[in-house]
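Structure record follows, encoded as structure tokens.
Every number in this text was worked out from the coordinates using simple rules, so none of it is lab data. Bear in mind the structure is a predicted one, so any value in this text is a computation, not a measurement. Glycine also receives a Cβ, built like all others from the backbone with ideal geometry; neighbour counts cover every protein chain displayed.
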Amino acid sequence: MSHYRHQKYWQRFLLPGESIVFCFGVSGAYLILFWMIPAMVMTALAIYSVFINVILGFLLGIVAVSVYLPILYRRYFVHYAITDRRVMTREGLLHKTFVTADLPSVTDVTIDESFLERVLTGTGIVGINTAGSNRVELHFDHVKRPFALRKEIYRNQYKVIEERKLMSLQKNGYSEEQVPVQPQIL
């Protein structure tokens, strides 16, 4: 799914005044290397086997078709987004799962890269943990450049926290000139 289609998809889930910073899905390189190529090999074997043994060719054909289904599911029904306020994931065809976490409540961002994924496709799994939980609530599976994604999450989290601090200070009667300036961490 193109970047434009991801953005269009997420527009209906945004809160008033919220904007998308980054939206994406499962990496195309991951899908091609770990799913599409094996599916094409299985399809070729099924076609070849039909000439040797029809039943074996038919069974291999069923297996080949069943390998294409996860490709389509991951490509068109798994969506991830980072906004200026939240991180979000939505997944599912008939049963949809929608998970969000406010950026200030993000405590940990973990990255899991298998050797083959890291070397061949540059992808990994990003897990996001929030305050008040001892488990990972959001998973961004097989995303391109996971460390850049983690950096983007922390950068936007810092912006939101600083904006909330400033609003709180202004609400308590401080002007912008009286608010102490803190060094920016990137």
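Most mobile of 104, 146, 38 per a Gaussian network model of the chain (Cα springs, under 10 Å)? Among 104, 146, 38, the largest GNM mean-square fluctuation belongs to 38.
With R₀ set to 41 Å, the beta-carbon distance separating residue 98 from residue 44 gives a calculated FRET efficiency near 0.60.
Take the Cβ atoms of residue 162 and residue 73, set R0 to 30 Å, and the FRET efficiency comes out at 0.20. Around the amide H of residue 137, modelled in the peptide plane, lie the amide H atoms of 128, 129, 130, all under 5 Å away and 5 or more residues distant in sequence or on another chain.
Each residue in 49, 168 was given a count of other beta-carbon atoms within 10 angstrom of its own, and listing them fewest first yields 168, 49. Of all the options 81, 39, 131, the one that moves most in a Gaussian network model of the chain with Cα springs shorter than 10 angstrom is 131. Taking each residue as 0.36 nm, the span from residue 119 to residue 58 lengthens on full extension beyond its C-alpha to C-alpha distance by 18.4 nm.
Across region 120-129, rounded Karplus estimates of 3J(HN,Hα) from the backbone phi angles (6.51 cos²θ - 1.76 cosθ + 1.60, θ = phi - 60°) give 8, 10, x, 10, x, 9, 9, x, 10, 10 Hz, Gly and Pro being marked x. Residue exposure proxy: 77, 58, ordered by other Cβ atoms within 10 angstrom of their Cβ from fewest to most, comes out as 58, 77. Scan (i) 44, 16, 13; (ii) 39, 16, 14; (iii) 28, 24, 15 for the value of semi-axes √(5λ) of the Cα gyration tensor in Å calculated from this model and give just the label. Among (i) 44, 16, 13; (ii) 39, 16, 14; (iii) 28, 24, 15, the one calculated here is (i).
In percent, rounded to a whole number, the relative contact order of the chain is 17, using alpha-carbon pairs under 8 Å and six or more apart. Label point of residue 108 set 7 angstrom out along Cα-Cβ; within region 129-146, amide nitrogens under 17 Å from it belong to 129-140.
This ranking places 67, 26, 106 by how few other beta-carbon atoms lie within 10 Å of each, fewest first, which gives 67, 106, 26.
For the options 22, 13, 140, a Gaussian network treatment of the chain with springs between C-alpha atoms closer than 10 Å singles out 13 as fluctuating the most. Scanning the chain for long hydrophobic helices, with DSSP H runs required to stretch 15 angstrom or more by C-alpha along their axis and to average at least 0.0 on the Kyte-Doolittle scale, returns 37-52, 54-76.
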